[in-house]
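See below for the structure under consideration.
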Amino acid sequence: MTPEVVVVGAGPVGLTLAIDLGRRGVRCTLVEKKPAPEFLPKMERCNARTMEIFRRMGLADRIRAAGLDRRVPMDVYVALAMNEPPLLRLPYPSVAEAEAQIAACNDGSMPREPYQLISQYTLEPQLKAAAEQLPSVAVRFGVEFMSLTQDVGGVTATVRDAEGRTEAIRAQYLVGCDGGASPVRRQLGIQLRGEGNLLRLHQALYHAPDLFDRIPMENGPGRGRHYHIADDRATFLIMQDSTKHWTLHATVDQPEEMAAQFERTIGVPVPYEMLYVGEWKQNLLLADGYGAGRVFLAGDSIHLVIPTGGLGMNMGVADAIDLSWKLQATLRGWGGPNLLASYEVERRQVGDRNVGASRYASLGRRKWRSQYRPNIRDATPEGQATRDHLAAVANVEQRKTNEMIGAELGYRYVGSPIIWDEPGGPEHLFREYVPTTWPGARLPHVWLREGCSVHDVIGDGFTLLRLGRSRADTTGLERAMHARHAPFTVMTIDEPAPRDVYGCDLILLRPDLHVVWRGNAAPSDPAQVAAVATGH
Ligand SMILES: Cc1cc2nc3c(=O)[nH]c(=O)nc-3n(C[C@H](O)[C@H](O)[C@H](O)COP(=O)(O)OP(=O)(O)OC[C@H]3O[C@@H](n4cnc5c(N)ncnc54)[C@H](O)[C@@H]3O)c2cc1C
């Protein structure tokens, strides 16, 4: 199979891109230098927007089945140890509770899907299996990207297999999803800029099969997702999706100290095995460019954020989804030159805002941690005052990490050449999501009937929504979109709820559910709207 696109790197971003290209019938080869997915701790929360994306790709159910049990709470604690009463509990709903909240709400403020806790080492094999099922995707592990050359007709990647054999793969486009060290980005000469190496921490992974059941429910913090230990080592315990695996982060000097640190943190004696320990660095970095010529970059190769806020992988998944339909459209001949050019315009502004959101959240965490005093465990009025004060500051500052719904759902592409310009528009808020159909925004989720959202009835091409029993004559726009040979559907929805939330009668949506154009009457220049939408 001759690929049309080569994807370098089978992390969550490269796998998502390969699957979405494959669903769209684009022939694609995915090369990954590792022989197989690794069982190493990294990300563990797919946010609501990522789950909406996975739903549209038909993957949400299998990811939920592989991830954390839907009944387990996602609470976050600040504590001295797991066997002591918490200093602070921030309650967050389990998936089952969040689904019930979403089912009961129809004002557009909620996502179609709640978040899902799934460890990256569980997610990647799920995505790999899904990619391998697609006939137009070749998944090649144990194949390392070495170098590339590009010319007007395509890109040639030189790769090397585990036996040291090299091979040239020719394709029209190449996408580097090859992580923070990105050899593809380096080859393009694109720099990451910002604040590097802000904090060095050790991270360890433990198998402690009894711990979850042994967490004291009354005197201990109780069951949840994150346990921040109020100490001077930034100690942070994370429950992984099986509830039998846990990771601990701490600023200890030596890796061997991570065993004692774990025992101090959990307080209760339970059998455990330390499976891995390593060092990692916190960065806030953004690439100068998101590609060059026929080569694009996505995920950690172009943005590295601190996991506070959980924006890293989630932002990369959204990069992949922005790029895949534009590659498809260009390869199939109906996409104009502005489509691929818009990738950097749209996604780099999100990268920039999310680096800011991550900084904001991590400064919050640093602030409450700086309230630590050595007397925090003392049974004295002074010790109590330290505990009370730290908890009060954390009650404000820790929320900045866990409550990022605006950054997750509210991103809107501003100044994009493929979005109809409607000057102004709502502000980008990290913490708050205000539903809007301003051009460039993600279409808010609204129920049509029980269990069926507007999102669920929209297909993979462009869609013109006709709402509120609109009588507008849209045949001009329909003709103009068909003349561009773009996949296009008109969808009439008579139910009042979507019209009420969306605030207008006509909305033109792109394949990724972002609004291109909206109005109450048909556009006065439908050919121009169609040209903008399709990148001409
Ligand atoms: C402790 C921690 C917690 C985190 N928690 C979260 C969270 O809760 N939510 C969140 O969204 N993000 C989180 N993140 C960030 C998240 O893990 C990353 O953003 C994510 O892994 C990026 O995915 P990626 O596919 O872009 O890159 P990677 O996962 O780094 O994948 C890149 C792939 O490219 C391969 N590769 C590299 N070079 C080559 C080559 N030359 N040839 C072929 N293949 C190559 C690599 O082997 C790798 O498999 C966390 C990160 C850390 C460290």
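Some points to look at:
- Scan the stretch 213-231 for residues that are under 20 Å from Arg387 (Cα atoms) and either modelled with pLDDT of 95 or more or under 22 Å from the mean Cα position of the chain (by Cα) (or both) and the total you get is 6.
- Residue match in the stretch 146-157 (condition: modelled with pLDDT under 95 and within 13 Å of the ligand (Cβ to nearest atom)): no
- Filter result (buried (at least 22 other Cβ atoms within 10 Å of the Cβ), out of contact with any Lys or Arg (no Cβ under 9 Å at 6 or more places or on another chain) and not aliphatic (A, V, I, L, M)) within the stretch 318-335: Lys326
One line per residue, one yes/no per condition, for (1) closer than 30 Å to Glu432 by Cα; (2) without any contact (Cβ under 8 Å) to a residue 12 or more places away in the chain; (3) within 13 Å of the ligand (Cβ to nearest atom); (4) basic (Lys, Arg):
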{"position": "Trp280", "(1), (2), (3), (4)": "no, no, yes, no"}
{"position": "Asn283", "(1), (2), (3), (4)": "yes, no, yes, no"}
{"position": "Ala287", "(1), (2), (3), (4)": "yes, no, yes, no"}
{"position": "Ala292", "(1), (2), (3), (4)": "no, no, no, no"}
{"position": "Val305", "(1), (2), (3), (4)": "yes, no, yes, no"}
{"position": "Met313", "(1), (2), (3), (4)": "yes, no, yes, no"}
{"position": "Ala318", "(1), (2), (3), (4)": "yes, no, yes, no"}
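- Any hit, the stretch 260-270, residues being part of a loop (DSSP other than H, G, I, E, B) and in contact with a strand residue (DSSP E or B) (Cβ under 8 Å, 6 or more places away or on another chain): no
- Test: Ala208 is more than 25 Å from Leu123 (Cα to Cα) and either under 22 Å from the mean Cα position of the chain (by Cα) or not hydroxyl-bearing (Ser, Thr, Tyr) (or both): no
- Just one of the listed residues (Ala130, Ala157, Ala168) is small (Gly, Ala, Ser), surrounded by 15 or more Cβ atoms within 10 Å (Cβ to Cβ) and assigned to a strand (DSSP E or B), namely Ala157.
- Consider the stretch 385-414 and keep the residues that are among the hydrophobic types (A, V, I, L, M, F, W, C) and in contact with a Leu (Cβ under 8 Å, 6 or more places away or on another chain). The one that is surrounded by the most Cβ atoms within 10 Å (Cβ to Cβ) is Ala407.
- Here the stretch 294-303 is the region considered, the condition is being over 30 Å from Arg369 (Cβ atoms) and among the hydrophobic types (A, V, I, L, M, F, W, C), and the residue that is nearest to the ligand (Cβ to nearest atom) is Ala298.
- Against the criterion of being assigned to a strand (DSSP E or B), within 14 Å of the ligand (Cβ to nearest atom) and under 25 Å from Glu397 (Cβ atoms), Leu205 does not qualify.
- The residues in the stretch 301-333 that are farther than 30 Å from Thr463 by Cα and more than 11 Å from the chain's Cα centre (by Cα) can be counted, and the count is 8.
- Search result, residues across the stretch 248-260 that are crowded, with 21+ Cβ neighbours inside 10 Å and out of contact with any Phe, Trp or Tyr (no Cβ under 6 Å at 6 or more places or on another chain): Ala250, Met258
- Residues of the stretch 239-251 satisfying the condition of being touching a helix residue (DSSP H, G or I) at 6+ places or on another chain (Cβ under 6 Å) and either within 14 Å of the ligand (Cβ to nearest atom) or farther than 11 Å from Phe212 by Cα (or both): Asp241, Leu248, Ala250
- Checked against the criterion of being over 30 Å from Gly289 (Cα atoms), aromatic (Phe, Trp, Tyr) and within 14 Å of the ligand (Cβ to nearest atom), the candidates Phe212, Phe236 yield just one match: Phe236.
- Pairs, first of a type in the set (Val, Ile, Thr) in the stretch 34-55, second modelled with pLDDT under 95 and near the ligand (Cβ under 10 Å from one of its atoms), C-beta under 6 Å, six or more apart: none
- Count of the stretch 284-303 residues, restricted to those that are over 21 Å from His226 (Cβ atoms), out of contact with any His (no Cβ under 6 Å at 6 or more places or on another chain) and not in a loop (DSSP other than H, G, I, E, B), is 11.
- Counted residues, the stretch 176-200 - those being of a type in the set (Gly, Ala, Ser), near the ligand (Cβ under 8 Å from one of its atoms) and either part of a strand (DSSP E or B) or in contact with a strand residue (DSSP E or B) (Cβ under 7 Å, 6 or more places away or on another chain) (or both): 2
The values are calculated or read from the model by the stated rules, or taken from the named source; none is laboratory data. The structure presented is a predicted model; accordingly, all values stated were derived computationally and were not measured. Neighbour counts run over all protein chains shown; Cβ positions are idealised from the backbone, glycine included.
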